[in-house]
Amino acid sequence: MLHSRLMRYIDEVARTGSIRQAAERLSVASSAINRQIIAYEEELGLPVFERLSRGVRLTAIGELLVEHIRATMKDHRQTLHRIGDLKTLRRSKIHVATLEALTTDVLAQVVSAWHQTYPLTRISVTTMPSEAIAAAVGRGDAQLGLGFDMPPQPNLTTFSSTPCSLGLVVRPGHPLASRASLRWSELADCAFALPAEGLTIRTLLDRAIKRTRLTVDPIVETNSIDLLKRLAMLGDVATVLTKADVEVDRQRGALSFIPITDGEAGSQSLVIVHRTSAPLDGVTTRFAEKLAELARQIGDESPHNKPFATG
C-alpha cells in the first residue's frame, strides 16, 4: 500500500539517487527506507528502482510511480493550504471606507454573498465623503477604500479601477425607458433632478451639458443619490447617474438605466484602494477581488450583468 510516508521515501530516493542520502535528508535509518521500498516492490510485483553499484535509479515503472507520487503530494499541499485559508477567512476582520451611495448597490451584494460562505468573518463599513475615503485608508483607519474618481496618492495603491459611464435613470414606465441607448441631444425635454454642484458626477454632467449646448434647468438638485433615485421612481423625473448607483433597483425592476452613448457622455471610475505601506493579507485581497469582480460586471468592462456569487 502506498501510504504518505512511503511516498516521501520513494520521492526522496528518486531525487537523490541514493537510499543513504535520502535517509540522511529525512533523518530516517537507511535500512528502514530500503525495507519499505522492497516490501512495496514485492507487493507491486515489479521493481521501482534499479540497484546500481553506486546508488539507484528509477525503472520505467518507477518513473510512472514518482510522477503519480509528486502529483499526489502537490494536491495534498494545495488542499492543506486551502484549509488554512478557510480557517483564516473565518476569523478575519475587514474594514471598508466608502460612499453612502455605494453601500446599497455594490457593497451590500458583496457582503451578503461573502457572509453566506464565510459567516464568521467580521466586516465593518464606514460611509464618508469621497475626499475622506483616501485619508481614512492612508491613516490605516480602513483597509480598503471604495469610491469614485479617487486621485492617485503616493501613500495609496490602486487595487482596481473600473470605468462606469453615465446614463439616464428613469422609472420603467417613462417614455424613454425602453430605449437601448440615448444621446444627450435627445434629452432636451426631460424634467431633471440632478446631483448637487460640487459632486464629482455633477462636474462631469456640467462639462457634457456645456459641450453639447443642452439647456438643463433641474427641478431638484441634491447631494443625496437615494433622493434622486426615489424621485425617478415616483414620476417622470429623470436623473443621470452611473449603473453602479442604481444596480439593485435596476435588477428588481424599479428603475431603468439607459446608457448615454455619444462621445460627450462622460464616465466615472469606480476605484478600490489600499495603503501602500500595509499590503493586503490573503483574506482582504480575496474580498477586494470580489468587489472588483462586481465592479467589472456593472461597469463598462461588461455590458451584460451576471448573477454575483462568492466562493
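Bear in mind these aren't lab numbers, they're just calculated from the coordinates by the rules spelled out. Small disclaimer: the values here were computed from a predicted structure and weren't measured. Cβ atoms come from the backbone with ideal geometry, glycine included; neighbour counts cover every protein chain shown.
Just for the range 95-311, what percent of DSSP beta bridges are antiparallel, to the closest 5? Counting only bridges with both partners in the range 95-311, antiparallel ones make up about 60 percent. Distance between the C-alpha centers of the range 201-234 and the range 235-281? Whole Å please. Rounded to whole Å, the Cα centres lie 14 Å apart. For the range 41-58, the Karplus equation 6.51 cos²θ - 1.76 cosθ + 1.60, evaluated at θ = phi - 60°, returns couplings of 4, 5, 5, 6, x, 8, x, 8, 10, 9, 7, 10, 5, 10, x, 9, 9, 5 Hz by residue, with Gly and Pro reported as x.
Shape annotation for the range 4-88: C-alpha extents along the principal axes are 50, 26, 19 Å, from largest to smallest.
The amide H of His95, built 1.01 Å from its N in the peptide plane, has Ser124, Gln143, Leu144 as neighbours under 5 Å, considering only residues 5 or more places off or on other chains. Among Pro218, Pro154, Pro163, the largest mean-square fluctuation in a Gaussian network model of the chain (Cα springs under 10 Å) belongs to Pro154.
Highest mean first, what order results for 282-293, 24-35, 73-84 on Cβ atoms within 10 Å? Intermediate results must be reported in sequence, preceding the final value.
Details: 282-293: 18.8, 24-35: 14.1, 73-84: 10.6.
Most protected by this proxy first, the peptides run 282-293, 24-35, 73-84.
For the chain, the Kirkwood radius over C-alpha pairs fed into Stokes-Einstein at 37 °C and 0.692 mPa s yields D = 139 µm² per second.
Sum up the charges of everything whose Cβ sits under 11 Å from the Cβ of Thr126, counting Lys and Arg as +1 and Asp and Glu as -1, but leave Thr126 out. The partial results should precede the final answer.
Values: positive: none; negative: Glu100, Asp141.
Neighbour charge sum, excluding Thr126 itself: -2.
The label-point distance for Leu6 and Glu43, in a model that sets each label 7 Å from Cα toward Cβ, rounds to 0.2 nm.
Each residue, Asp300 and Arg139, gets one label point 7 Å from its Cα in the Cβ direction; the gap between the two is 3.4 nm.
Amide H to amide H, with H built 1.01 Å from N, Leu156 comes under 5 Å of Thr276, counting only residues 5 or more places away or on other chains. Summing +1 for each Lys or Arg and -1 for each Asp or Glu among the other residues whose beta-carbon sits under 12 angstrom from that of Met233 gives +2. Neighbours of Glu186, meaning other residues whose beta-carbon lies under 11 angstrom from its beta-carbon, give a summed charge of 0 when Lys and Arg score +1 and Asp and Glu score -1.
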